[in-house]
Amino acid sequence: MKKMLFMAAVILGFTVTAQAQTDIPSAKPGVKYGKEITKDNAITVSQLAGNFGPDSTFTGKIVGEVVEVCKKKGCFVSLKREGDEEPILVRFKDYGFFMPQDIVGKTVVLEGVARIQEVSVERLQHYAEDAGKSPEEIAKITEPKVDINILADGVIVVK
């Protein structure tokens with residue numbers, strides 16, 4: 001009986017996950033994910049990064065170009081920075097919504113909280129795996145990273 005219940009739970013989990021991926025609308029201008037937001041009064045990624053110190057917190061809207069999305073289920077995206085700087089990681093509050101794979105290259109406005117955080121090697125490797133990086137690329141991650149991280153509760157595609 002326990003095995004049957006376990007199998008039913010596993011099948012239900014796969015079904016819900018598969019269904020959730022197919023229900024994510026394509027990233028077209030005006031499509032919203034998560035909390036209902038508007039694109040008004042957003043600052044750029046450059047403005048955010050330029051005014052950020054070790055104890056800073058920013059709550060509000062940020063506009064930027066998506067350069068990466070989690071390949072497994074769209075549970076995070078990365079926003080492009082100027083120059084050679086690494087992109088800014090954006091996760092979604094309580095895993096309440098996910099991003100479609102076609103959001104890469106789109107400009108979005110997101111609303112949430114940005115702060116400087118240390119991300120462990122294990123977490124960075126997990127994100128790299130979810131982003132579809134090769135085992136060799138994942139193995140090169142050997143140091144934690146202190147950087148701006150954003151926890152968003154709403155996203156709207158601008159273009």
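The values are calculated or read from the model by the stated rules, or taken from the named source; none is laboratory data. This one's a predicted model, so the numbers in the text were calculated from it and none came from an experiment. Positions of Cβ are generated from backbone atoms using ideal geometry, with glycine treated the same way; all protein chains shown enter the neighbour counts.
Table for the structure above
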item	result
Filter pass, T57 being more than 14 Å from the chain's Cα centre (by Cα) and loosely packed, with under 13 Cβ neighbours inside 10 Å	yes
First in region 124-144 and over 15 Å from P87 (Cβ atoms) and modelled with pLDDT of 90 or more, second anywhere and β-branched (V, I, T) and surrounded by 15 or more Cβ atoms within 10 Å (Cβ to Cβ), Cβ under 6 Å, 6 or more apart	Q125/I138; Q125/I141
Whichever residue in region 109-123 is surrounded by 15 or more Cβ atoms within 10 Å (Cβ to Cβ) and at pLDDT 90 or above and, among such residues, is farthest from M99 (Cα to Cα)	R115
Test: T142 is among the hydroxyl-bearing types (S, T, Y), in a strand (DSSP E or B) and either out of contact with any strand residue (DSSP E or B) (no Cβ under 9 Å at 6 or more places or on another chain) or loosely packed, with under 12 Cβ neighbours inside 10 Å (or both)	no
Qualifying positions in region 80-93 - of a type outside the set (F, W, Y) and under 17 Å from K32 (Cα atoms)	V90, R91, K93
